[in-house]
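**Student:** Dropping the structure in here first, questions after.
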């Protein structure tokens, strides 16, 4: 470049600088909304999100368009039991952690997370479909005694407003929720607002299949009471066209629920199991309809219960809310509620080892049932004494079962023995056995409580991991408590069969049943199978003590005296024996009639 060219370029650059500095027009002052039109937002996570223009927002949200964009601002509140994070976007719960509980892998336990839980409050405002939880609200915090109150408000220039208010008490798992408004409800079309809650339930326990079998949606209607979707189904749904008091996403040990003070007008509920995805237990979908009249009258009051599915904790939350813990059908339910549960929880106040609590519970129940156990053993001892006479009858009339039964009944009448008296005490004890079957798997107290080799009494204990899965409930493991329970039950059965006169298929079946129960209970709560195992051990000791007070020779003498008294039919038949004989005669006559008809058809 020559000298003249360089001087020319320098002068041109100088002239341009002077022009732009002295003569260029000043830019128009920026308005608050101007950056949102062109500049991207930055969220809490640092991710940039493009925002729509004001005109697009106005078309979607009408008068509320100025509140449809902003930055997430989080507020964390905690009490002794929960840690709740709220967001100004939606003025709603972002996450909720249970401080006193951990997942099976010892991670913090969240029942609500932004990744798995989504909430919407859908309505039509000024003719436009909107989600009120998409708006950005202004937060104000206050105290009401010991209760923290958070108010998230959107306020228009004409004085109209809508507020989502939360009350977080110093203790407990309940959070109050109220929707208040002024001048906005009149603009809402339709009779209801739709509260939508979608939840991807995350695995919190050791056994995914057991968790799925105990996860569902429960709800309570004003007209029909407690209802639920099918726990065992991989997909179920229900349209509820009547007032609904509360709805709960129920897991095995935890609940996420919303309760209405003045009822929802209806609901659409659904649950589905993504069987190929082990990171999700179930997909729950709730649609609850809030009457617009509640907003107009200031009665849109609700509360959330997100906490343990603990019978002692939830029985005061709402009407029939305690039914989220299933304790069996009557009379099993009554035994659990009024007998077993009170004793169990009384013991937990003074004893911290739950294995020891189970042992004490077994001993207490065995002491209470000792009179029934004594009567049952005495009846079996009488049958043992009669066994030689029963064997003679079978040899004499072996080909004629009707005659065998008649002669056996005659013998029972002569010696004064009721053949089923030994079964009655056992039947009376069955409700307690079933009560335990429902109690231990539903007891959150056993969750993550170790005992001996079991790391968690609320789920199965496994001493052997199998490289394959055995069907019929066995799974891919072997539970030592279940194995010990099965072996002890087989020994107990063998001992009873030495006293019993039962022969043939029934005797074989008595040995098969314990093996079947091994398949059924191998994946059940270790607390349950440990209870049954200890119960068998205590029964062995109990029978050893009873044998000291039961003399076979004295029983034989007593039966002989009864035989002499009732000789030649002098004894009076009991009503039971009379009915039993009549039933046997009717059965024999029906058999003979059927045999005759069969012969006639052949001829």
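**Student:** Look at residue 210 and say whether it is assigned by TED's automatic domain parsing to the domain that holds residue 119 and touching a residue at least 40 places away in the same chain (Cβ under 8 Å).
**Tutor:** Values: assigned by TED's automatic domain parsing to the domain that holds residue 119: yes; touching a residue at least 40 places away in the same chain (Cβ under 8 Å): yes.
Yes.
Residue-by-condition table, conditions (1) at pLDDT below 95; (2) closer than 22 Å to residue 180 by Cβ:
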| position | (1), (2) |
| --- | --- |
| 54 | yes, no |
| 59 | yes, no |
| 82 | no, no |
| 86 | no, yes |
| 91 | yes, yes |
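**Student:** Regarding segment 88-99, can at least one residue be identified that is in the same structural domain as residue 148 (by TED's automatic domain parsing), within 30 Å of residue 187 (Cβ to Cβ), in contact (Cβ under 8 Å) with a residue 60 or more places away in the chain and outside any loop (DSSP other than H, G, I, E, B)?
**Tutor:** yes
**Student:** Sticking with this one: Can you find a residue that is surrounded by fewer than 20 Cβ atoms within 10 Å (Cβ to Cβ), modelled with pLDDT of 90 or more and touching a helix residue (DSSP H, G or I) at 6+ places or on another chain (Cβ under 6 Å) anywhere in segment 338-356?
**Tutor:** Checked against the condition, which is being surrounded by fewer than 20 Cβ atoms within 10 Å (Cβ to Cβ), modelled with pLDDT of 90 or more and touching a helix residue (DSSP H, G or I) at 6+ places or on another chain (Cβ under 6 Å), segment 338-356 yields at least one hit.
**Student:** So is residue 324 under 30 Å from residue 166 (Cβ atoms) and crowded, with 19+ Cβ neighbours inside 10 Å or not?
**Tutor:** In short, yes.
Conditions tested, residue by residue: (1) in contact (Cβ under 8 Å) with a residue 24 or more places away in the chain; (2) in a helix (DSSP H, G or I); (3) in the same structural domain as residue 227 (by TED's automatic domain parsing).
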residue	(1), (2), (3)
290	yes, no, yes
294	yes, yes, yes
307	yes, no, yes
316	no, no, yes
338	no, yes, no
346	no, yes, no
352	no, no, no
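**Student:** Also, I was wondering about something else. Can you tell me which residue in segment 476-512 is surrounded by the fewest Cβ atoms within 10 Å (Cβ to Cβ), limited to those that are in a loop (DSSP other than H, G, I, E, B) and modelled with pLDDT under 70?
**Tutor:** 504
**Student:** Please work out which residue is modelled with the highest pLDDT, limiting yourself to segment 163-189 and to residues that are in contact with a helix residue (DSSP H, G or I) (Cβ under 7 Å, 6 or more places away or on another chain) and over 22 Å from residue 318 (Cα atoms).
**Tutor:** So the residue we want is 181.
**Student:** Within segment 392-404, can one find any residue that is at pLDDT 75 or above and out of contact with any strand residue (DSSP E or B) (no Cβ under 9 Å at 6 or more places or on another chain)?
**Tutor:** The answer is yes; a qualifying residue exists.
**Student:** Among what's in segment 124-140 and is closer than 15 Å to residue 91 by Cβ and touching a helix residue (DSSP H, G or I) at 6+ places or on another chain (Cβ under 7 Å), pick the residue that is modelled with the lowest pLDDT.
**Tutor:** Top of the filtered list is 130.
The values are calculated or read from the model by the stated rules, or taken from the named source; none is laboratory data. The structure displayed is predicted, hence computed values, not measured ones. Quick reminder, even Gly has a Cβ in these numbers, built from the backbone with ideal geometry, and neighbours come from all protein chains shown.
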